[in-house]
Amino acid sequence: MTGVSAREPAAGRTDASRWLLRRRVLPDPGLRLICFPHAGGAATFFHGWQDRVPPGTEVGAVCYPGRQNRIAEPPLISMDDLADQVHAALRTLLDRPLALFGHSMGAVVAYEVAVRLAERDGAAPVALLVSGHGAPYLCAAGPPPDTAADDREIAEPAMAADPALRGSPQLLDLVMPVLRADHALLRAYRPVRTPRLTVPIVAYRGADDPRASEDDMWSWRAMTSAAFRLRTLPGNHFYLATEEAGLVADVMDACRGGANGDAAGTATGPATAATASAVPLFVRRSSACPFDPAEDFARLRAERPVVRTTLPTGARAWIVTRYADARRVIADQRRFSSRAAVNGPVPPPEPPEGFPPPRPGVFYTYEPEEHGRIRRMLTPEFSAQRARVLEPRAETLADRHLDAIERAGPPADLIADFVLPVPRLLFLELLGVPLRDAGRLHHDLALLHDFHPIHEAQAGAFRRLDAYLRELVETVRATPGDNVLGHLATAHGAELSDDELAGIACQLLLAGYATIAGTLGLSLLALILDPVQAELVRDGRARPDRMAEELIRHLSVVAFGKVFQAKQDVTIAGQNIAAGEYVLCHLPSANRDPALAAGLDRLDVTREPTSHLALGHGAHHCLGAELARMELRVCVPRVLRRLPGLCLRVPVEDLRFTPLNAAYGVESLPVAW
């Protein structure tokens, strides 16, 4: 699943009378409020809301298959199918303003429907109201668990919501098929692409809800470029019943534009284009070709090689655009410190009291001597020899996922089906992270790679990641395995505190598979769009090592690597930079600099490798460089050979790219062959 299905809604009846229950149908409503029940929930739960809303407001609720007047129908097992059918029903109601409210599973369904309304109809709800569930960012992204949950685990929330189920085994037996189906549907939900809406979002939770923390609910902030508000009400996961009056009043306020005074809008007609800020210069790509740096950089290299920019946090920084200057900054640890990155990849203005001490173990913020100490411990784990040992495992993972793609047949999304899972599984195995935890980590890491200033959600992601890694370190200390963390604990256990070992794991996760996946996805797209280069790879005329190096250079998915801070006044290319000012080295620009070699704007998979900076340089050379090279050598030729005639199913203009991300990439890659 990629956030929204590219196909048309499934065949079948999708009329509103079948999918929506409305206690009172108004002839000319000023607002339609559509509610989405929780897993196993009944649409009639929301019927009482009709008595609490202002006159002119019509309340409807989605009636999922398998319950109430649709009890004879089998429940749906795909979130795509469910959202497609609801979306088709709502298309008949777009003549009036529309708001969507979803609780628990219903929040995810409501989000998916809002995405479909935007992308297929150009229509925007006046508000998306979500309750009791983490955003799609936090939904599992890894493979489904090997074992299904038992009935007791599935039934417990339903019995908490409806005491009648606890007292009536016969009634519970009757609804168990629905509960099992909804549970399986959520377990199978894999939102690889999570589009940002232009719709105001209000998130609600019960203060005592163990299944929806405040951090979880803040993650909805990342799902919209419009207003966001978080409200906490008394009660547990099913606070809706006890706090119904206050909740409905707040929902109506939000629909009228009451979210912190920001107008939510009053019409559901065709949505106007989002008034998004221009992509900042420091991550901007070409409008003509997604693989190239913005056209500005050729001019800047020639005329103004060091230029000021504003980061999304409001901090100011200098951008270095030429190869020689960038190489000098990266290598010069005496004049330039990477300490500025302590608060994240894009730092805020330095507070008057200075930054806090570096996070233990996050060694790219360490001063040179301590930085070197940690790198020496890690170098054997990421050496060329170690990459060769891992190569058969990479081949197995690649073949397994390609086998699955071939069995399913076209179409496929190469990002969801291959590009993300192969590097992720290999890296987590190498590091020593249980694969069952891949999903919970993936979306927190994605949040931390995001350059949008969504600090509350990112702070929550850091807290969850810290807590998880501390538990993992305890396990590793007790039973070290044959992996990076196990080797560190065994060989250097006395030299590393638990905090430092957890910090090292944190940095490796943040710098790990995302950059490899970004490069792999863009590599496949670039070769699909360039059949001549693809044929050179497919028939072996391009040496795998040269192909990998050229793809890494040409794509340069990491825009700047690290944020440096000048330790003293310094001059670069005639530009004076004061001590304390931030400096970014724009790697895509540096790696196209004619001073490095001729013809670097062109992809040439047979090119003799250059000393490019896509993997850093000197003490800041990427630890995982050999791993990245190996995975490209293994994966790219395999895909081209196993899927002959590989082609895009959509125009390249319809693809979504991620410039405001620590690892540039493409969100989905729908293909046929």
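The values are calculated or read from the model by the stated rules, or taken from the named source; none is laboratory data. Worth saying up front: this structure is predicted, and the values here are computed from it rather than measured. Here Cβ is always computed from backbone atoms with ideal geometry, including for glycine, and neighbour counts include all displayed protein chains. These accessible areas exclude ligands, DNA and RNA; they are computed on the full protein's heavy atoms, side chains included. Shrake-Rupley method; radii C 1.70, N 1.55, O 1.52, S 1.80 Å.
Once the mean 1/r over all distinct Cα pairs of segment 203-256 is inverted, what Kirkwood radius in angstroms do you read off?
Evaluated over segment 203-256, this radius sits at 11.7 Å.
Quick one: which residues, 5 or more positions from N661 or on another chain, have an amide H under 5 Å from its amide H? H modelled 1.01 Å from N in the peptide plane, none for Pro or chain starts.
The answer is F451.
Of the heavy-atom accessible surface of segment 565-639 (probe 1.4 angstrom), what whole percent is carbon and sulfur? Mind dumping the intermediate values first?
Numbers: 1230 of 2590 Å².
After summing per-atom areas, the C and S share lands at 48 percent.
How much accessible area per residue does segment 433-586 have, counting only protein heavy atoms and a probe of 1.4 Å, in square angstrom?
Numbers: 5620 Å² over 154 residues.
For segment 433-586, the solvent-accessible area averages 36 Å² per residue.
Under a Cβ-Cβ cut-off of 12 Å, what is the net charge of the residues other than T396 that fall near it, where Lys and Arg count +1 and Asp and Glu count -1? Working shown, then result.
Values: positive: R393, R400, R638; negative: E391, E395, D399, D403, E429.
Taking every Cβ under 12 Å from that of T396, the sum is -2.
Grab the Cα-Cα distance for I71 and A578, subtract it from 0.36 nm times how many residues apart they are, and report the gain in nm with one decimal.
Values: separation 507, 0.36 × 507 = 182.52 nm, distance 7.08 nm.
Result for the pair: 175.4 nm of gain on full extension.
With all protein chains present and a 1.4 Å probe, how do L445, L76 order by accessible area, largest first? Show your work: numbers first, answer last.
Details: L445 5, L76 45 Å².
Sorted descending by solvent-accessible area, the residues read L76, L445.
Note the full-extension length gain between V279 and A241 as 0.36 nm times their separation in residues minus their Cα-Cα distance, in nm to one decimal.
On the way: separation 38, 0.36 × 38 = 13.68 nm, distance 4.39 nm.
Additional length available on full extension: 9.3 nm.
Which value in nm describes the separation of the simple spin-label points at R393 and R463, placed 7 Å from the Cα toward the beta carbon?
For the pair R393/R463, the computed spacing is 3.4 nm.
Can you give me the orientation-averaged projected area of the convex hull built on the Cα atoms of segment 376-487, in nm²?
Numbers: hull surface 36.4 nm².
Mean orientational projected area (segment 376-487, Cα hull): 9.1 nm².
If I ignore ligands, DNA and RNA and count only protein heavy atoms, how much of E608 is accessible to a 1.4 Å probe, in Å² to the nearest 10?
130 Å²
Tally up the carbon and sulfur contribution to the accessible surface of segment 202-257 as a whole percent, 1.4 Å probe, everything protein left in place.
On the way: 960 of 2030 Å².
C and S fraction of accessible area: 47 percent.
What does the charge count near R386 come to, summing +1 for each Lys or Arg and -1 for each Asp or Glu among other residues with Cβ under 14 Å from its Cβ?
On the way: positive: R388, R393, R629; negative: E381, E391, E429, D482, E626, E631.
Combined, the nearby Lys, Arg, Asp and Glu give -3.
Could you give the nm distance between label points at V650 and D28, where each point is 7 Å from its Cα heading toward the beta carbon?
4.0 nm
Could you rank the peptides 328-339, 305-316 by their average count of other C-beta atoms within 10 Å per residue, with the highest value first?
Working: 328-339: 19.0, 305-316: 15.9.
Packing order, densest peptide first, comes out as 328-339, 305-316.
Which three semi-axes in whole Å describe the equivalent ellipsoid of segment 425-530, each the square root of 5 times a Cα gyration tensor eigenvalue, listed largest first? Intermediate results must be reported in sequence, preceding the final value.
Values: eigenvalues 150, 69, 24 Å².
After scaling each eigenvalue by five and taking roots: 27, 19, 11 Å.
For the charge dipole of segment 537-632, defined by +1 on Lys and Arg C-beta atoms and -1 on Asp and Glu C-beta atoms about the Cα centroid, which residue among H586, A628, T571 has the Cα displaced farthest towards the positive pole?
A628
Using a 1.4 angstrom probe on heavy atoms only, work out the carbon and sulfur share of the accessible area of segment 457-541 in %.
Numbers: 1800 of 3260 Å².
Of all accessible area on segment 457-541, carbon and sulfur atoms account for 55 percent.
Rounded to whole Å, give me the distance from the Cα center of segment 79-139 to that of segment 442-481.
When both Cα centres are located, 29 Å separates them.
Solvent-accessible area of C647, probe 1.4 Å, all protein chains present, reported in Å² to the nearest ten, please.
Ignoring ligands and nucleic acids, C647 comes out at about 60 Å².
Which whole-Hz ³J(HN,Hα) couplings does segment 233-241 yield from phi under the Karplus relation 6.51 cos²θ - 1.76 cosθ + 1.60, θ = phi - 60°, glycine and proline marked x?
Taking θ as phi minus 60°, the curve returns 10, x, x, 9, 4, 10, 4, 4, 6 Hz for segment 233-241.
What list of ³J(HN,Hα) values in whole Hz, one per residue of segment 246-252 in order, does the Karplus curve 6.51 cos²θ - 1.76 cosθ + 1.60 (θ = phi - 60°) give from phi, with Gly and Pro shown as x?
Taking θ as phi minus 60°, the curve returns x, 5, 4, 4, 5, 4, 5 Hz for segment 246-252.
Can you run phi through the Karplus equation (6.51, -1.76, 1.60; θ = phi - 60°) for segment 542-550 and list ³J(HN,Hα) in whole Hz, with x for Gly and Pro?
8, 4, x, 5, 5, 4, 4, 5, 5
In the full protein assembly as shown, how much of R656 is accessible to a 1.4 Å probe, in Å² to the nearest 10?
100 Å²
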